[in-house]
Each structure stands twice: as C-alpha cells, then as structure tokens.
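Coordinate-derived values only; no laboratory data. The shown structure was predicted, so the numbers you read here are calculated from the model rather than taken from an experiment. Ideal geometry is used to build each Cβ from the backbone, glycine not excepted, and the neighbour counts take in all protein chains shown.
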Amino acid sequence: MTTKYDVIVIGGGPAGYHAAIRSAQLGLRTGCIDKWINASGQPAFGGTCLNVGCIPSKALLSASQKFFEAKKHFAEIGIKVADLSIDVPAMIKRKEKVVDNLTEGVASLLKANGVAILQGKAVLHAGRSVEFSSHDGEVSILEADHIIIATGSVPVNIPPCPLVDNMIVDSAGALDLREVPNRLGIIGAGIIGLELGSVWSRLGSEVILLEALEEFLPTADTNISREAARQFKKQGMDVRLGSLVTASSIKEGKVEVEYSCAERKEKESFDKLIVAVGRRPYTEELLAADSGVNLDERGFVYVDDYCNTGAPGIYAIGDVVRGPMLAHKGMEEGLMVAERIAGEKPQVNYETVPSVIYTHPEIAWVGKTEQELKASGEDYRVGSFPMAASGRAMANNETNGLIKVIADDSTDRVLGVHMICDHASELIAEAVIGMEFETSAEDLGLTMFAHPTISEGLHEAALAVSGRAIHVANRKRKK
Ligand code: FAD
Ligand code: AMP
C-alpha cells in the first residue's frame, strides 16, 4: 500500500529537520526520511552538523581552549594550576554525550510536531514517489505533493591520500582521535582544517597545514586573514601555503606525505594526517533515472533562488544546493521552502549569510570584503577598531584582533562587517541584523552599546567610518 503525505523531506540534517518541523507546524502531513547511522550503530537525526560537524567540533574547540587557557594564560591573570593534564578519552566521551543529547532532541522535536519519523534510505522516482527502505529491511512506496531534498554533503577524498583507519582520517575521524598526536599533518587550511588544527594544537600537537593555494583564507577580508595568519603562527600552527600534496603512504607507524612547493618536491612525516580539502554535495543513489531532478556541472542539485528544482513540487535545500555549505543557510532555506509550500511568501537573503571560523580569536564576517569592493570599482569608506583599544578586551586578557566596518561612500549603507576577536561568532549577529535592516554606519554609530563590552568595538568601527571613533586614531577616507 502507498502512504501519502503532503510533504516528504529527504534528509534529517539542519536543513531537512527545519523544513520538516515548519511544514508540520503549518498543518501539512509531513514525513522526514534520514539514513544516518552513528558511531554506536544507532540511527540518528541531525545529519553532518550534529553528528560529525558543527556541534562535536565546537565541543572539542571549547574543551581544548579551556585547557590551553589554563596552561598558557591562567598564570598571567593570577591563577596557579599545578599538574594540569588532558584526558582525551574523557573529552571525546563528553563530546559524544552532547551529540547524543542533541540528536535525540531532534528526534523528539520531530515527533512532538507530528512529523512521521522514517529512518532509512530514500530513492526518488518519477511522480514524487519515494522508495523507502527502512533500517530493518522493509521497503515501501511513499508519495507526496511536495518533496524536499536535503541530503547534504560528504568530505572530498583526494587520490593521493586515501583514508587509512586511525592514521589518515577525514574531519569525522579527526573528531574521534583517542590521543594527542605528536606531529599532526592537515591537508587544507580552510575553515575545517583550521578549526581541527586548533583543537589538536591546543592539546599539544605540532600542527602543520599543507595548503595548495598561495593565498591564506582568500574568502575573508585581507585585513582579517593577515591578522589571522599572524595569530595562528604565534600559536604555533605552521601553515605552508602553495603546498600541493601529491602522495602519501604509511611507513613504520607514520604517515609519509609528499608535496610540491615552489616547484620543489618536499616530504613530511606525521603521526596522523587529516584530509580537510572540502566537501561535495551528496546525491549518491538518491535519484532514479526518471526523477526529473537535474544536477549542475559541479554535482549540486540545480535550484533557483526559491530552491525549486524545476521538477514540479520538488525542492532542494542545504549543502546539496549552491551557496555556502553552512548549517544556518540550509536551515533558512528549509523554513522558506516549507512556508512557500503553505502559501506564504518568504525569501532567503543570501547577501547576509554570516561566515564564522571558530578558532581563537574567532573570525566572522558578513557582506562584501574590501578586496571585492575594490575589484568591482565601488566607492566605499572603512572604519576599523583594534581590540587592543577595548577596555573589556583588556579586562578579559583578550586583546588580539580587530573589527572592520565597510560602508558605501555616498549612501553610508553598511556593505560588509569583518572581525577577528573573542566572541566574534556572537558579535556578528549584530552586524547581520543591522545589514538585514539596511543600516548605515551612522545608524550603528548612533546606537547605544553597553559598556564595557566587546560589542563596543563594532560601535567604534562604525564611528570610525566617518572619522568619529573615540578610542583610536581614525583611518583616512578611502575612495
Ligand atoms: P547534512 O547535515 O549533511 O544532512 C544530510 C542528511 O541526509 C544526513 O543525515 C544523511 O544521512 C541524509 N541522507 C542523505 N542521503 C539520503 C537518502 N538517500 N535517504 C535518506 N537520508 C539521506 N556549518 C556551520 O554553519 N557552522 C559550523 O560551525 C560548522 N562546522 C562544521 C564542522 C565540521 C567538522 C564539518 C564537517 C562541517 C561543519 N559545518 C558547519 C557544515 C555543516 O555541518 C553543514 O553545512 C550542514 O550539516 C549541512 O546541512 P544539511 O542538512 O544540508 O546536510
Ligand atoms: P575548504 O574548501 O574551506 O574546506 O578548504 C579546503 C582547502 O583544501 C582549500 O583551500 C584547498 O585549496 C585545499 N586543498 C585541496 N586539495 C589539496 C591538496 N592536494 N593539497 C593541499 N591543499 C589542498
């Protein structure tokens, strides 16, 4: 017998579960299919983000930062700690507990909202018909007026570095190491590579990142990426740019890596190697030949601005479609699609998707970088504020970094906000809200910020756009 739904969501990661919950809230009969099996062999909702992505990485980043602080900086603020040591298995166990709480929480939320929980694999056929194979082997046919594809992404593997159990690992393996490697190699100095590198470097590993590109963090504003490179170097992370990894092998319990740099062949030996060279959209075994859904040239499910695939009643959201591979971008797409199915008219503002790198200091930005504006010939003004001039940053012993606001030269509308500082991941929301409401730098300057806070740095940077910052010398007008 065929079961009929109003909406079937394929994928229970952040994009999919948001779409499913909102659909059910809006009175649509909804089912959410997800095939994830976690490390304990149990089905689990939450996708990459909750199981092996955002959440576990932040649990380890938080724990490792506390350890690092205690070891390196407590003495500076008058706290003496004797016999400090790290218990990696306990840290990993606590991370798993956080993950289990949250993945079980998502299942409960789906249930509480009346979403049918369908744990197993989906294949999409013509006519919005879904072949569902449950984890216990039962196969059934489900139909829906609307199908939302949210199957996410998986790590890219590169031929020179096939994964080798517990020696050459991807990002998921890197979140599950049971001891601190003495020498850790990471291929790729992107967001994931830098976050994972930070975790193990803080715990004592010598970390070397091999990055093929000549430029460090090219998508960040250059002032921010330069400051980040300086901070990471100070922390002992060795980022080798222009280094293309060409081969790897395991010899006597070590990972031997070959790479080319400035036309020279180089070699390195590591205790572990993390491959963090990016992620690709995941559509394997999802689309039957007659599904009517098309992929673009890079393998993403093709969609328009409203996440319509072009096949009637079929939408796609999250990492499996164009745009930044970020959980919050997928969540907003999920809500938009569910609400549009219910007849509402929301849209996602892709101009204000915040990017965050959870290193220390944290890095965050929204909108255009100065180099993008320069390249497009727009006239702009810049205001920036060094955290060394912030009273709260001094009180917190966290004076590294800066905040930079870029505004249109004639309208003063804020075009981009870039920061590297403590709590940047939280602070960036203030800039996103401002830009969502098309704030001018003057509006931000006229807003009252609590004192003493790190946020005052944003206030000062906005004031600096018109040469009115109080605690710094103001940058000259820039055309
Ligand atoms: P996913 O989370 O990948 O979920 C897709 C789900 O669909 C999975 O459960 C999968 O099993 C299921 N599925 C796939 N095919 C089928 C099928 N045929 N049938 C049934 N189910 C299927 N993003 C941030 O915004 N902030 C961060 O701090 C951050 N940190 C990260 C750290 C790491 C180490 C990694 C790897 C990623 C991180 N990301 C972060 C990225 C974030 O995890 C992704 O952007 C997000 O998970 C994408 O959500 P999604 O719902 O599109 O897909
Ligand atoms: P991201 O896309 O942010 O996850 O970053 C992945 C990084 O890995 C990119 O900056 C790539 O340039 C880098 N990369 C990809 N392949 C290689 C390789 N073979 N050697 C070194 N770096 C690589």
When only DSSP loop residues count, what trypsin sites (Lys or Arg not before Pro) in region 1-95 have their Cβ near at most 11 other Cβ atoms within 10 Å?
Lys80
How high is the FRET efficiency between His73 and Asn182 when r is their beta carbon distance and R₀ equals 25 Å, given to the nearest 0.05?
0.60
Just add up the charged neighbours of Ala393: K/R +1, D/E -1, any other residue whose Cβ is under 12 Å from the Cβ of Ala393.
-3
Quick check: Cα centre of region 295-334 to Cα centre of region 391-426, how many Å?
31
Region 284-385: spread of alpha-carbon positions along the three principal axes, whole Å, largest first, is 54, 32, 31
Value at 222 nm in deg cm²/dmol, rounded to 500, when DSSP H runs of n ≥ 4 in the chain each add -39,500 (n - 2.57):
-9000 deg cm²/dmol
Around His135, with a cut-off of 12 angstrom between Cβ atoms, what is the net charge of the other residues, counting Lys and Arg +1 and Asp and Glu -1?
-1
Which net charge results for the neighbourhood of Val199, defined as the other residues with beta-carbon distances under 11 angstrom from its beta-carbon, given Lys and Arg at +1 and Asp and Glu at -1?
+2
Using only the Cα atoms of region 168-277, what semi-axes does the equivalent ellipsoid have when each is the square root of 5 times a gyration tensor eigenvalue? Give whole Å, largest first.
21, 17, 11
If you rank Asp408, Asp319 by fewest surrounding Cβ atoms within 10 Å, what's the result?
Asp408, Asp319
Cα convex hull of the chain: mean projected area in nm², to one decimal?
25.4
With at most 15 neighbouring Cβ atoms within 10 Å, loop GluC sites (Glu not before Pro) (DSSP) excluded, longest segment of the chain:
1-137
Please report the antiparallel percentage of DSSP beta bridges with both residues in the chain, rounded to the nearest 5.
65
Can you put Lys251, Lys121 in order, fewest other beta carbons within 10 Å first?
Lys251, Lys121
Determine ³J(HN,Hα), in whole Hz, for all residues of region 446-452 in sequence, where each value follows from phi through the Karplus function 6.51 cos²θ - 1.76 cosθ + 1.60 and θ = phi - 60°; x replaces Gly and Pro.
7, 7, 8, 10, 5, 10, x
On a C-alpha basis, how far is the centre of region 212-264 from the centre of region 1-54 in Å? Whole number, if you could?
37
Simple spin-label estimate for Phe449/Ser85, 7 Å along Cα→Cβ, in nm, reads 4.4
Zone of His125 (label point 7 Å along Cα→Cβ, backbone N under 12 Å): which residues in region 1-24?
1-3
Using a simple spin-label model with points 7 Å from Cα along the Cα→Cβ vector, what separation in nm is obtained for Arg298 and Gln235?
2.6
